[in-house]
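Worksheet for the structure shown next.
The values are calculated or read from the model by the stated rules, or taken from the named source; none is laboratory data. Just so we're clear, the structure is a prediction, and the values are computed from it rather than from any experiment. Here the Cβ positions follow ideal geometry from the backbone for every residue, glycine too, while neighbour counts run over all protein chains shown. Areas reflect the complete protein model, heavy atoms only, side chains present, ligands, DNA and RNA absent. Shrake-Rupley method; radii C 1.70, N 1.55, O 1.52, S 1.80 Å.
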Amino acid sequence: MNGRIGIDLGGTKIEAVMLDRSGREVFRKRVPTPRGDYAGTISAVGDLVQQIGEGTVGIGIPGAESKGLIKNANSTWLIGKPLAKDLEAALGRPVRLENDANCFALSEAVDGAGKGAAVVFGVILGTGVGGGIVVDGKVIRGANAIAGEWGHNPLPAPTAADLPHPDCYCGRKGCIETYLSGPGFSRDHEARTGQRLKAEEIASLEDESLSRYEERLARSLAGVINVLDPDVIVLGGGMSNVARLYTEVPRLWGRHVFSDRVTTRLVPPVHGDSSGVRGAAWLWND
Ligand SMILES: [Zn+2]
């Protein structure tokens, strides 16, 4: 059988799946990532692919590829390396490589929450805030390989409640990520209440902190809607488990969108944590 192999090359684990022609998972395995070891990372991926056998190979990475070299990766030992070329040499077959948020968006667009939609914006609300754009089943990578990276735009229309702007690791202040990541949500709650809690604990309280989060998410997504006007926005990452977001945020975003009506749907993911690795497999969706 000739299926699609997807590899999610994460900072702590490497996950592999094989999808058959219908998208059904017929193999799955995860191994620890050889952290800090580039050659070891190449051979770990090689071993997984060899165990699976024939099939196209797509790889999702926590970073981007620009002019054949990896950048913006929090797995820093990959930065500046010709990862796709080295994997192709090791595997003896062509490899497609894409940012993991783009893989998430692709997975949900092909056979997940955005199935059948022309324009899908996939959002990661986790340790960081990322995003990916899929149009007609194809990832839009962009001229700088940063399409969909809305997390490092400034929070739109800040109010007194949003000040002072938090510092972001990227060197800027007041990035969307500093408010909407899980750690950003915790930081905001602690600044307001003095309580130090994890994001999921705060979400279960359903108090003012969650309302502040929803209102900021609405403002930030309205900015995306004004530029991209997607049919569907799919949330992923830990914060996507907060059920209230899907009713409250669309109630709030209308006042910031340049349109008399907003038909964009905000939906939870179908494949959840599996979306990254499934999307990597779907990079060969042609
Ligand atoms: Zn930033």
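Out of SER186, SER204, SER181, SER220, which single residue is hydroxyl-bearing (Ser, Thr, Tyr), more than 16 Å from the ligand (Cβ to nearest atom) and at pLDDT 95 or above?
Values: SER204 fails: at pLDDT 95 or above; SER181 fails: more than 16 Å from the ligand (Cβ to nearest atom); SER220 fails: more than 16 Å from the ligand (Cβ to nearest atom).
Answer to the check: SER186.
Across segment 243-277, the number of residues qualifying as open to solvent by less than 20 Å² (accessible area, probe 1.4 Å), touching a Leu at 6+ places or on another chain (Cβ under 9 Å) and over 14 Å from ALA218 (Cα atoms) comes to 1. Note on segment 68-87: residues that are open to solvent by 70 Å² or more (accessible area, probe 1.4 Å) and either charged (D, E, K, R) or touching a Lys or Arg at 6+ places or on another chain (Cβ under 7 Å) (or both) total 4.
The set of residues in segment 240-286 being touching a Gly at 6+ places or on another chain (Cβ under 8 Å) and part of a strand (DSSP E or B) consists of VAL267 alone.
Kindly provide the set of residues from segment 222-239 that are hydrophobic (A, V, I, L, M, F, W, C), crowded, with 19+ Cβ neighbours inside 10 Å and in a helix (DSSP H, G or I), ordered by number. Working first, answer last.
To start, the set of residues in segment 222-239 that are hydrophobic (A, V, I, L, M, F, W, C) comprises 222, 224-225, 227-228, 232-235, 239.
Right, trim to crowded, with 19+ Cβ neighbours inside 10 Å and you get 222, 224-225, 228, 232-235, 239.
Correct list: ALA222, VAL224, ILE225, LEU228, MET239.
Considering (1) open to solvent by less than 10 Å² (accessible area, probe 1.4 Å); (2) among the small types (Gly, Ala, Ser); (3) out of contact with any Pro (no Cβ under 9 Å at 6 or more places or on another chain), the lone condition that SER204 does not fulfil carries the number (1).
I'm checking my understanding of the structure. Among residues of segment 34-62 that are part of a loop (DSSP other than H, G, I, E, B) and over 19 Å from the mean Cα position of the chain (by Cα), which one is nearest to ASP286 (Cα to Cα)? Reasoning before the result, please.
Step one: list which residues in segment 34-62 are part of a loop (DSSP other than H, G, I, E, B), which gives 34-37, 53-55, 62.
In the following step, the residues that additionally are over 19 Å from the mean Cα position of the chain (by Cα) were identified as 34-37, 53-55.
Working: PRO34: 32, ARG35: 33, GLY36: 34, ASP37: 33, GLY53: 20, GLU54: 17, GLY55: 14 Å.
My answer is GLY55.
I'd like the full set of residues that are within 16 Å of the ligand (Cβ to nearest atom) and open to solvent by 70 Å² or more (accessible area, probe 1.4 Å), limited to segment 134-148. Matches in segment 134-148: ASN144, ILE146.
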